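The block underneath contains the structure these notes are about, expressed in structure tokens.
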Amino acid sequence: MKVSLASGASLLASLCYTIVCAAQSTSTSTPTPSSTTFVDEPTVSIHGYGTLQGNRSQYVNSVYNFKGVPYAAAPTGQYRWKHPPHPVPWNDTRDATQFSLPCPQPGVGNYSEDCLYLNVWTPENATLNDVYSSTVGAGVLPNATNSQYPVYVWIYGGRFAGGASSDSIYDGAGLAAKGVVVVSMNYRLGALGFLAHPELSANSSSGTSGNYGLVDQQASLHWTIENCAAFGGDPTRITIGGQSAGAASVIEHLNSPLAAGLFTQVIAESGVRYPSDPLIGSLAQSYRQLAEAETQGAAYITTLNVSSINEARDLPVEAFLSSGSLSDTTYVGTVFQNNSNYMEPPLFRPVLDGYVLPATYQSLLSSGNHSIVPVLTGNNKDESGASPSPGLSVANYTSINQLDFGSVGLADEFLALYPAGNSSTSADNSSNAFYRDQSRTGTWLWASEYTSGSQNFSSNTGNFTAYTYYWTHAPPGQSRGAYHMSEINYAFNNLYGTNSPWTAEDYVIADTMSSYWANFIKNGDPNGDGLVAWPASTADSAVTMELGDAFEVIPVANSSNIAFVKEWFTKWPVY
């Protein structure tokens, strides 16, 4: 049975009430002893499964980490292209000091299909094991003496074809040191994570297929709610965050009835696009309709020289890795096919199946029929069509945009607002100005509709505040500017994990940026003492928060450019 988003919110409220009241009452249950001294080899008991032994972070001595923790069993054999099975209990203390192998993907030499593991970073003063068994569900709840730190669950990007939680750019120790329990997980990728097929749909209880990577992420959220208290975390304060495909995943969980009640706020870095932004087809928020995805899946299976899903389940995992580079044909035959900014999306990506993803972004956004939670989201200066050196001439800038914008009768208006000028520099600058205006305006419009729709759906209950940002700092030692992914080290406060030539300025930016993130994770609001005020996004104030080279409120764009971008969006189909 599907759980409605409204009932999911009620489940979360009920869970919060149960946990808070139980923690404040005198429980008759016997709590597991909490850690009272700081140790180098901390242990945590996972209810119903076994004991983990972690260690101190190699980077931040005041933080414990537990790596390679199973949140599901191997999705192999009969479980390939199914919901992941529960983990297998273990008898001896499990070594949790090493990352698990990544999920299978192209370009990685060492991987395993047994990859559904997560990692936990927690402050050393967290009250480990200060819990009691839940009587209303699986897992454990915090005692009144539990540290109850807020929890941040991170989902990596990689176009749904690559990525791993073991990447040092996602190390959680720097953020954990600010009073946060940080969790990251692996999830299935490529054809293993997003194959839809008529046989798979026919043999599933939902009648659908194709979103196994998203279901993995939801399984890790269930695990987190059930077990985070054992690491000193608060199961009523769980933020999910991600970047690129991770950010798209976050928005998909925001919209998914299956994830309702599993989190209390979200962070989407390089995240939301306005549903009728034509560039969305290039980006991670692109999805496929179920019938289309099933047709693609059936054609794909034949390329493996098998005729059924059961036969495909018997193939070695290597048979599926070349498919990680397969692209869709979203822009073939359109005016955008010769515009290099419109990159074809990967073939294997999420599916609008009516089950995991119940309806279009636009319909859920306008109706507010999604989880009602605070949102923090934004864009980077040099992504989604913008870059330090687009490499345009006056002639090709003019011809490309006359075709793209002329196809909907907007070429003259576009070239008046974003003129080619008389040099490659002016053409590059105008191109960047448009794509940056499009990103900021689209995110602001999304935030305005999110708050409006949420207010209408929830009858003014719940916190649906949205905060938007624009990241502008170019990390040192590279020429891509404030590129896609460049904010991650700063938000995690983990410059220590990479070998870039960081400067004193970078460390200051990272400390400030991660303080905004930690505040939001703790309170659903990025603001705090000593930080420049970050206003919530509103429909009547077209501003966003610049982060990076400055920390200040800036306009989204000037009014005429905003009006043009809005008109441009009306010309295209919506996701």
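Values quoted throughout were computed directly from the atomic coordinates according to the rules given, and no laboratory measurement underlies them. A quick note: this is a predicted structure, and the numbers were derived from the prediction, not measured. For neighbour counting, all protein chains shown are included, and Cβ atoms are generated from backbone atoms with ideal geometry for every residue, glycine included.
By how many degrees, 0 to 90 and rounded to 10, does the Cα axis of helix 245-255 deviate from the longest principal axis of the chain?
80
With no solvent and one point on each alpha carbon, what is the Debye value of log10 I(q)/I(0) for the chain at q = 0.05, 0.06 Å⁻¹?
Those come out to -0.20, -0.29, one per q.
May I ask for the Rg/Rh ratio of segment 243-389, computed from Cα atoms with Rh as the Kirkwood radius, given to two decimals?
In segment 243-389, Rg relative to Rh is 1.00.
Amide H to amide H under 5 Å from residue 264: which residues, 5+ apart in sequence or cross-chain, H placed 1.01 Å off N in plane?
238, 239, 240
Residue by residue, what Karplus-based ³J(HN,Hα) values in Hz, rounded to whole numbers, does segment 114-123 have, using 6.51, -1.76 and 1.60 with θ = phi - 60° and x for Gly and Pro?
Values, residue by residue: 7, 10, 8, 10, 10, 10, 10, 10, 9, x Hz.
What is the distance in Å between the Cα centres of segment 121-164 and segment 63-87?
16
Quick one: which residues, 5 or more positions from residue 131 or on another chain, have an amide H under 5 Å from its amide H? H modelled 1.01 Å from N in the peptide plane, none for Pro or chain starts.
Those qualifying (amide H under 5 Å, at least 5 residues apart or on another chain) are 32, 143.
What do you get for the angle between helix 504-523 and the principal long axis of the chain? Use alpha-carbon atoms, 0 to 90 degrees, nearest ten.
Taking Cα atoms only, the helix is inclined about 70 degrees.
Hey, what number do you get for the chain at 222 nm if only DSSP H runs of n ≥ 4 count, each worth -39500 (n - 2.57), divided across all residues, to the nearest 500?
-9500 deg cm²/dmol
Using per-residue counts of other Cβ atoms within 10 Å, averaged over each peptide, order 450-456, 498-504 from highest down.
450-456, 498-504
Which cross-chain or sequence-distant (5 or more) residues have an amide H under 5 Å from the amide H of residue 55, H modelled 1.01 Å from N in plane?
Excluding prolines and chain starts, which carry no amide H, the hits are 65.
What FRET efficiency comes out for the pair residue 566/residue 463, r = Cβ-Cβ distance, R0 = 30 Å, nearest 0.05?
0.65
Express in nm, to one decimal, how much length is gained between residue 62 and residue 416 on full extension, taking 0.36 nm for each residue of separation and deducting their alpha carbon distance.
121.8 nm
Could you sort the peptides 464-470, 361-367, 104-110, 397-403 by per-residue average Cβ neighbour count (10 Å cutoff), highest mean leading?
464-470, 361-367, 397-403, 104-110
Ranked highest first by the average count of other Cβ atoms within 10 Å around their residues, in what order do 263-273, 201-211, 324-334 fall?
Ranked by mean Cβ neighbours within 10 Å, highest first: 263-273, 201-211, 324-334.
For every other residue with a beta carbon closer than 12 angstrom to the beta carbon of residue 154, add +1 if it is Lys or Arg and -1 if Asp or Glu, then tell me the sum.
-3
Count charges around residue 412 for me, please; just the other residues with Cβ under 15 Å from its Cβ, Lys/Arg as +1, Asp/Glu as -1.
After counting each charged neighbour, the total is -2.
Separation of segment 238-256 and segment 269-324 by C-alpha centroid, Å?
Cα centroid to Cα centroid, the span is 19 Å.
Can you give the FRET efficiency to the nearest 0.05 for residue 480 and residue 456, using r as the Cβ-Cβ distance and R₀ = 45 Å?
Once rounded, the FRET efficiency stands at 0.65.
Please list, in order along segment 482-491, the HN-Hα scalar couplings obtained from phi with the Karplus expression 6.51 cos²θ - 1.76 cosθ + 1.60 (θ = phi - 60°), rounded to whole Hz, x for Gly and Pro.
Result, rounded to whole Hz: 7, 6, 4, 5, 5, 7, 4, 3, 6, 5.
Which FRET efficiency, nearest 0.05, do residue 558 and residue 327 yield, Cβ-Cβ r, R0 51 Å?
0.90
As I understand it, the value is the acute angle between the Cα axis of helix 5-24 and the longest principal axis of the Cα atoms of the chain; what does it come to in degrees, rounded to 10?
40
Which order results if 197, 222 are arranged by neighbouring Cβ count within 10 Å, fewest first?
Neighbour counts put them in this order, fewest first: 222, 197.
Taking 20 °C and 1.002 mPa s as the conditions, I'd like the Stokes-Einstein D for segment 449-575 in µm²/s, using the Kirkwood hydrodynamic radius from alpha carbon pairs.
Reported coefficient: 128 µm²/s.
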